[in-house]
Structure formats: structure tokens, C-alpha cells
Amino acid sequence: MEKSTNIHKNCIETVALHNLGCKVNTYETEKMAALLQNAGYRIVPFTEKADIYVVNTCSVTQMADKKSRQMLHRARRLNPDAVVIAAGCFVQAGGITPEEIGADILLGNDKKGELISVLSAYRSDKKAKTAVIDINDPDECYEELYREASKEVTGVPGKAPAGGEPVEATAVNLTESPTKIPIEGPAENRPVDETAGRHIEASAGNLSHPHTRAFVKIQDGCNQFCSYCRIPFVRGRTRSRTAASVLDEIAQMLRHGYKEIVLTGIHVSSYRDGETDLIGLIEKIDALPGMRRLRLSSMEPRLITEEAARRLSKCASLCPHFHLSLQSGCDATIKRMNRHYTTAQFEEGVTYLRKYFTDPAITTDVIAGFPGETKEEFAATKEFVQKIGFADMHVFKYSPREGTRAFAFDGQVSEETKNLRSDELLLLAEKMNKVFCKTWEGRMAEVLFEECVAKDGKEYWTGFTREYLRVYAESGEDLKNRIRPMEFHLRPFAK
């Protein structure tokens with residue numbers, strides 16, 4: 001049966017998008033949605049029957065590969081006659097054909113900006129398309145998805161109009177009245193399963209949190225080659241956007257009413273445009289008119305020198321929330337991981353941040369059960385994370401990835417042991433999280449509210465402090481996208 005085309009009279013074709021993986025993938029999925037909208041397509045929920053499905057895949061773990069396949073097959077089941085497009089890291093890893101994953105088009109990471117032309121080429125001859133380039137080519141440049149998504153496509157029939165969970169705590173609004181009203185909310189911060197996926201259903205250029213918080217991608221690729229990670233092979237060498245392009249996009253987001261900008265990338269700390277490094281870029285963004293909040297998705301521990309911490313502390317819009325990936329608290333394990341720092345260097349960076357920022361939220365990632373991890377090495381990790389006292393800690397069980405050096409390492413840890421160690425680390429994460437939340441008890445915190453939600457039969461406005469603590473508050477006014485000073489209190493909701 002012939003699949004739908006974009007030339008049916010009086011018919012606007014529908015597209016459903018689903019995102020798997022990291023914040024970079026989220027940003028790119030949003031830009032692909034904007035490309036499609038500009039070309040005259042209408043975005044619908046992924047759960048609905050659509051003419052075209054786009055799945056932006058992930059390949060960070062074996063489970064991510066599995067879920068990528070599942071979502072592609074789900075799209076095919078939703079509409080057997082639809083055009084199914086598989087994009088992203090799972091595709092870029094290679095070794096698959098469109099037919100074996102139920103897709104019509106394979107779209108590599110640096111070809112997402114060519115979505116419309118690749119789709120048109122498929123429509124012209126109805127033959128499966130594979131648009132995947134050698135992303136490891138050292139001459140490969142940064143793909144400017146922002147500019148592609150910002151272009152207006154004209155002359156298209158049926159033109160449509162443009163259209164990990166953080167800490168949860170309690171607060172009361174003291175903006176207009178000193179009356180204290182205790183609001184209940186859980187004080188737990190478990191990481192979001194980034195492979196769980198997210199449907200893209202809104203109709204704005206940046207759909208992260210419409211008109212509240214926007215992701216802005218500043219670089220792509222990674223040169224670190226951690227022994228367990230395949231990301232450099234599917235994202236290529238590090239390459240950065242121009243500072244002018246980044247500033248242009250952020251200025252546009254601010255004009256559209258966004259109050260918080262999150263800088264994201266595959267290895268953000270490697271950003272460089274001429275003489276402008278990441279710290280310099282942050283300073284330029286901070287100087288933009290109307291810049292209220294700037295948040296970093298992650299930072300390389302080695303980047304945090306005393307001078308860097310001092311300069312960052314002068315940026316009024318920068319949120320005191322720093323995610324520094326540790327992965328292990330044992331130097332021997334860190335070395336096997338090919339991570340380029342020691343625990344002493346990591347601790348030094350944390351010390352500098354705490355010197356120049358008042359009670360910053362320091363968060364991290366830790367891998368449980370890395371090959372060769374002995375009982376003593378695991379004990380060292382537990383001791384070190386408690387010494388640092390993280391505000392939150394994301395815990396991941398080691399996932400062997402074929403093609404990485406760690407895949408062939410001796411001393412592979414059993415799944416049972418990985419599960420036990422993961423559980424121990426999660427328990428530590430919960431304890432540290434509670435300690436951090438208690439430091440805010442009764443203190444004033446600035447909250448950016450995002451949406452109204454139901455909890456225990458009541459409606460609450462929920463948002464985040466600059467330290468990324470989730471807050472719930474009752475209010476009779478519309479608080480969406482408003483920043484309010486709040487008094488912070490901890491009180492759990494009913495289970």
C-alpha cells in the first residue's frame with residue numbers, strides 16, 4: 001500500500017515525535033519539530049495515529065538500544081502505512097538497516113537539519129533512505145540546527161500555523177503576605193530514566209518547558225573516550241557553535257518570555273569559539289538584557305579552578321547548581337575508566353565552588369559495578385561520596401557496550417553484585433539529599449514556577465529554586481513562568 005504523501009488536497013499531514021535520551025537529544029527533537037512545523041506539518045501526540053513518526057533514539061546503554069527499537073516498532077503498529085524515521089545515536093552507531101528496525105528512513109546525528117529534504121527524497125521514489133555520515137571525520141563542522149529550524153519554509157501545500165525528578169520540597173509565598181501556610185511535598189530526588197522517553201506535543205520553537213525553561217545546545221561531540229562510553233563514536237569529535245549564534249538564540253528565547261536557559265551539549269566544558277571558552281561564554285550570556293536564570297547541564301571537574309569559580313560567582317544569573325560527573329570515588333577505578341582527574345582534583349573543585357557560592361547544589365553521577373571494581377574500591381567510592389556530601393547523586397549500573405575498551409576488560413562484575421551496589425549508592429544518595437534539603441528549612445528561596453499539578457486531591461503550583469529543588473505551593477493567582485521568593489519547608493505528601 002502506498003504510504004501517505006504531503007500533496008493530498010486540503011490535508012495537512014500529521015507528525016508525532018518521541019525523544020529518548022539526554023538533554024541534547026531533547027533540544028534536537030524540538031528543533032526537528034520546528035523544522036516540520038515550518039514545512040507545513042502538524043505535530044500530534046505520539047500516542048495518536050500519525051502520517052509520520054520521528055523517533056530520536058539513544059544508545060548510551062543496552063537498555064537505551066532496546067527502548068529505541070521498541071518505540072520504532074510501536075510507531076509502526078500505531079500506523080502501518082506511516083513513514084517511520086529513526087534518528088540519532090542508535091542509528092549513528094551503525095550495523096542496522098531500515099528494514100530490521102521497522103523504519104523507512106535512518107537519520108544520523110549530523111543530518112537532523114536535513115530532515116525535510118531527506119523526507120522529500122524518500123517521497124519521490126518510495127525507497128528506504130539512510131542519511132548517516134562519518135561523524136568522526138575531523139573536518140566535520142557543527143551542525144547549526146538552530147538556524148535551520150529558524151528558517152521559514154514557503155510554498156508548501158497545507159501550510160500549518162507555527163505553533164532525571166528534581167528535589168521536591170515545600171514552600172509558602174511571602175510576596176504579598178507574611179502569613180505562613182504549610183504546603184506538603186516529598187523531599188526526594190531520584191534521577192529521571194533518560195531512556196524512558198518523552199513525547200513532543202507542544203507547538204513552540206523550544207518545547208522543553210514552554211515559555212519557562214529552554215535548553216540551548218552549545219556544542220556537540222566528545223574527545224574524552226572514557227573506556228565505558230560509545231558516545232564519541234556516535235557523536236563525533238568535539239565541535240562548538242559560534243558564541244554569536246548561541247547569544248542570538250538565547251536572546252530570541254528571552255524575547256519569547258523564557259526565564260531560564262539551560263546550556264547543554266555532549267561535553268559542555270570543551271566549548272570554545274576562538275578566544276571564548278565556556279566561562280567566557282557564560283559571562284557573555286549573563287550580560288544579555290533580561291537574562292534572569294542560566295543553568296549548566298554538566299561540567300568537567302577539571303574546569304573548576306579557583307579563578308573559574310571566582311569568575312562564575314560574578315555572573316548574577318548563573319544558578320548555583322553544578323553537576324560534576326564523578327563516576328567513581330576510587331582513583332584506581334577512575335583510571336581504568338580513562339577519566340582525566342583524581343578524587344583530590346575533584347574535591348578541590350568542589351571546595352572552590354563552596355568558597356565562592358553560598359550552599360550550592362553539587363550533584364553527580366556514579367557507576368556501580370564497573371569492571372574490576374573490588375569490594376575495597378567500592379568502599380572507597382562510598383566513603384568519598386559521603387565526604388563530598390552531594391545534594392543529589394544519580395546512580396547507574398555499568399552497562400557493557402560492544403566496541404568500548406571496558407567491554408573486553410577482565411573482572412566483569414555480576415548483575416547481582418551491580419544491583420546490590422547500586423542499591424547501596426541509592427540509599428546514600430537519599431540520605432545526602434535529605435541533609436541538603438534540611439539546610440534550606442525555613443530559608444527564603446527564589447522559585448520559578450512552571451505548572452499547576454494535583455497532589456493529594458489539591459492543586460499546587462510547582463517550580464524550581466535556583467538550586468534545582470522542586471517546590472509546591474498553593475496560590476490563588478496564576479504563577480506560571482513567574483519568579484517568587486518563597487519560604488522553604490519540608491513535608492511529605494501521602495504515598
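The values are calculated or read from the model by the stated rules, or taken from the named source; none is laboratory data. No experiment lies behind these values; they were computed from the predicted model shown. For neighbour counting, all protein chains shown are included, and Cβ atoms are generated from backbone atoms with ideal geometry for every residue, glycine included.
Points worth noting:
- Take the conditions (1) modelled with pLDDT of 95 or more; (2) in contact with a strand residue (DSSP E or B) (Cβ under 8 Å, 6 or more places away or on another chain); F488 misses just one of them, which is (1).
- When F378, F370, F407 are screened for being assigned to a loop (DSSP other than H, G, I, E, B) and among the hydrophobic types (A, V, I, L, M, F, W, C), only F370 passes.
- Residue satisfying condition, being closer than 19 Å to T305 by Cα, among the aliphatic types (A, V, I, L, M), modelled with pLDDT of 95 or more and out of contact with any Pro (no Cβ under 7 Å at 6 or more places or on another chain), within set V395, V350: V350
- Spans of strands (runs of 3 or more DSSP E) in region 227-336 with at least 1 residues more than 27 Å from I388 (Cβ to Cβ): 260-265
- Residues being surrounded by 15 or more Cβ atoms within 10 Å (Cβ to Cβ) and part of a strand (DSSP E or B) - total across region 465-495: 12
- Any hit, region 425-432, residues being part of a strand (DSSP E or B) and surrounded by fewer than 22 Cβ atoms within 10 Å (Cβ to Cβ): no
- Residue in region 60-70 that is farther than 28 Å from L263 by Cα, at pLDDT 85 or above and either assigned by TED's automatic domain parsing to the domain that holds K217 or assigned to a loop (DSSP other than H, G, I, E, B) (or both) present: no
A quick yes/no check of all residues on (1) touching a Leu at 6+ places or on another chain (Cβ under 6 Å); (2) in a strand (DSSP E or B); (3) aromatic (F, W, Y); (4) surrounded by 23 or more Cβ atoms within 10 Å (Cβ to Cβ):
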| site | (1), (2), (3), (4) |
| --- | --- |
| T29 | yes, no, no, yes |
| A33 | yes, no, no, yes |
| L36 | no, no, no, yes |
| F46 | no, no, yes, yes |
| A50 | no, no, no, yes |
| V55 | yes, yes, no, yes |
